[in-house]
Amino acid sequence: MVNFNRGEDKQKITLNTPIGLSSSSKNQVEQIEADPKLTQEIIEEEKAFRRGVLTVRDIISPASLQVNPTHLSLGSKFVRTLFVIAYPRYISVGWFAPIINLNLTFDVSMFFYPVKSAIILKQLKNKVGTLEAQIISDAEKGAARDPLRETALRDIEYLRDALTQGTEKFFQFSLYVTLYADTLEELDRMSDQVEDIFGSRLVYSRRVYFQAEQGFNSTLPLGNDELYITFNMNSSPIASSFPFISSELTSDRGILYGINRHNNSLILFDRFSLQNANSVVFATSGAGKSYAIKLEILRSLMLGAEVIVIDPEYEYKHLAEAVGGTYVNISLASENKINPFDLPRAIGGEAKAKDIIRSAVITLKGLVRLMLGKLNYDEDSIVDRALLETYAKKDITPDSDLSTIEPPVMTDFEQVLDGMEGGSDLALRLKKYTEGTFAGLLNSSTNVEMNNQLVCFSVRDLEDELRPLAIYTIVNYIWNTVRSEMRKRILVIDEAWWMMQNEDSAKFIFALVKRCRKYYLGVTTITQDVNDFLSSPYGKAIVTNSSLQILLKQSPAAIDLVQKTFLLTEGEKYLLLECGVGEGIFFAGNKHVAMKVVASYAEDQLITSDPRQLLEIEEAKKEFDESLAQEQN
């Protein structure tokens, strides 16, 4: 609650004679006034009547009020008022925001008493004369210059000019804060906390002493300043005390991302309402980044969005099983296969087959460079021609109907390379992916379907050397599916730093992030290796093209780079170093707030990554299955 009162002269109006009474009524009034005994009886009857009447004041008033030297006991609450006595020479706009955003119960009152400019100008003129005389006297004596006097003189001259021109007004300003607590110890702690915040801004405050009742009355919504402890200020610094500054990121629609740590408000947001729906999540290991994203996935599913996840560590399997999603394990021995030569089944608009084939060849060249290493100009030209001939071998040409084609596989590409002049060496290097150790990954037709609301692709069982290849292929397959049919989708790429280690894969992810908005897709990139991600120019570009950014706890080794990339203040930097699990900063467009991720018990059981909790859940499942089997027997 905030009260404002502008000091003005109050006029008291009294009516000494009754108005509008008939002659008989006047006679009754005169009889009552003439008989004191009758008057007393009427007063007692009035008191008895009012004792039986319930008023609003009776409802809202506390059961008791005890006045102590330093505080009030208001029913079961303890109340104390703090007042400000001095301000620094310079105070920034919004300095009062940390007080307003405290998660405490308190009232604030501000009183503004205008002072006529003519009176202030006269006093300032006298003060200027005194200061100038002292400065001249010091100079004549050869004394060192006094910076304090010179600064005061400049400030006064500026204020005189502003008052004369009418751009500033002069006020006496009172600021009071009344705190409410359940115990006296809590009240002392709250008082210390508020005084510390004031003191950190060189604003000096005091607690009331033998004026607890007057302080409490001064912050009631009555507009009465019973303390009258003022400080002389002009318009600009008073405007900086404007209290309605609160970090809010709450919209009419969207999902709950967490709780605003400033004021405990809800962070409700719809990522698709921004200029793009992309998101980046940076955090150190164990800071809760996967937990936060799984919570976002679960809540997005309830609002009808389709979610696709690339899971490097089996972290999303429990969630997929719980919501009836599809979990696809991609490995050398897995039955699930994805063919990197697949083309989009259909594309909205009037995209020509020639453009689709050209786009597929460019994407496949990036995959070949990941498989074979860096190519020189001759090898790059050979690969480009071989890819086109590989498609042509399956009658996939600019004149083909792409809805009826059967795409080639990696063996077809190897055979075409082997038959080309200068391509035999490349074909030999490619054999380990068609006939060698890695043959089970990229050399089969696609047998995976994405016809579920939640689809997770796991690459946990792949060797580190093959993970970038698999993720590249999976993302390309997802991109083809997304372009085939426009729906509201979210793509989550966990541990995205794998893709940033190679220029081709980093470039592919960047192109996906830039283009996905047109197909109603939002890409979420998650990484714990901030240095690897942001040291890539494509990593920085991905951050720039992501309207939603979540920073959780950071390591000291990465915090300087994070601070530079996200333009964090020193306070925000230390917040990211010292915050707990699931706490950090939530960016949405140009706004950002300190956030704490919260989940209900049911949500926590579905999305937890804690091995102890997962083990308990698995044991509970086994016990339930065993008991069910016994009942059936």
From (1) farther than 21 Å from LYS591 by Cβ; (2) in a helix (DSSP H, G or I); (3) in contact (Cβ under 8 Å) with a residue 60 or more places away in the chain, pick out the condition that doesn't hold for ALA541.
-> (3)
Determine if the range 594-612 includes at least one residue that is in the same structural domain as GLY288 (by TED's automatic domain parsing) and over 25 Å from GLU313 (Cβ atoms).
-> yes
Filter the range 421-433 down to residues that are touching a residue at least 24 places away in the same chain (Cβ under 8 Å) and within 16 Å of GLU465 (Cα to Cα), then give me how many there are.
-> 3
Under the condition of being over 18 Å from ALA118 (Cα atoms) and of a type in the set (S, T, N, Q), which residue from the range 153-182 is farthest from the chain's Cα centre (by Cα)?
-> SER174
Subset of the range 421-452, residues closer than 16 Å to VAL475 by Cα and among the charged types (D, E, K, R), comes to GLU449
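Give the residues of the range 65-93 that are of a type in the set (Gly, Ala, Ser), in a loop (DSSP other than H, G, I, E, B) and under 17 Å from LEU220 (Cβ atoms), sorted by residue number.
Matches in the range 65-93: GLY75 only.
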Those residues of the range 174-200 which are of a type outside the set (A, V, I, L, M, F, W, C) and not in a helix (DSSP H, G or I), in sequence order | SER174, TYR176, THR178, TYR180, ASP182, THR183
Would the range 574-584 turn up any residue that is of a type in the set (Phe, Trp, Tyr) and surrounded by 18 or more Cβ atoms within 10 Å (Cβ to Cβ)?
-> no
Would the range 561-583 turn up any residue that is assigned to a strand (DSSP E or B), in the same structural domain as GLY286 (by TED's automatic domain parsing) and within 16 Å of HIS262 (Cβ to Cβ)?
-> yes
Identify, please: which residue in the range 389-411 is assigned to a helix (DSSP H, G or I) and without any contact (Cβ under 8 Å) to a residue 24 or more places away in the chain and is, among those, nearest to LEU343 (Cα to Cα)?
-> ALA392
Checked GLN453, GLN415 against criteria (surrounded by fewer than 20 Cβ atoms within 10 Å (Cβ to Cβ), over 21 Å from ARG483 (Cα atoms) and either at pLDDT 85 or above or within 49 Å of the chain's Cα centre (by Cα) (or both)); the one match is GLN415
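Name the one entry in ILE293, ILE267 that is closer than 28 Å to ASN451 by Cβ and not basic (Lys, Arg). First the steps, then the outcome.
Values: ILE267 fails: closer than 28 Å to ASN451 by Cβ.
Just a single option satisfies the conditions, and that option is ILE293.
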Given (1) exposed (fewer than 14 other Cβ atoms within 10 Å of the Cβ); (2) not assigned by TED's automatic domain parsing to the domain that holds SER300, GLU465 misses just (2)
Checked SER64, SER117, SER76, SER92 against criteria (over 30 Å from SER235 (Cα atoms) and in contact (Cβ under 8 Å) with a residue 12 or more places away in the chain); the one match is SER76
Odd one out for ILE493 among (1) crowded, with 23+ Cβ neighbours inside 10 Å; (2) farther than 20 Å from GLU313 by Cα | (2)
Quick one: which residue in GLU315, GLU306 is surrounded by 16 or more Cβ atoms within 10 Å (Cβ to Cβ), in the same structural domain as ARG487 (by TED's automatic domain parsing) and touching a helix residue (DSSP H, G or I) at 6+ places or on another chain (Cβ under 6 Å)?
-> GLU315
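Residue-by-condition table, conditions (1) hydrophobic (A, V, I, L, M, F, W, C); (2) modelled with pLDDT of 85 or more; (3) assigned to a strand (DSSP E or B):
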position: LEU268; (1), (2), (3): yes, yes, yes
position: VAL280; (1), (2), (3): yes, yes, yes
position: THR284; (1), (2), (3): no, yes, no
position: SER300; (1), (2), (3): no, yes, no
position: GLY304; (1), (2), (3): no, yes, no
position: ILE308; (1), (2), (3): yes, yes, yes
position: TYR314; (1), (2), (3): no, no, no
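The values are calculated or read from the model by the stated rules, or taken from the named source; none is laboratory data. Quick caveat, the model's predicted, so the values are computed rather than measured. Virtual Cβ from ideal backbone geometry, glycine too; neighbours counted across all protein chains shown.
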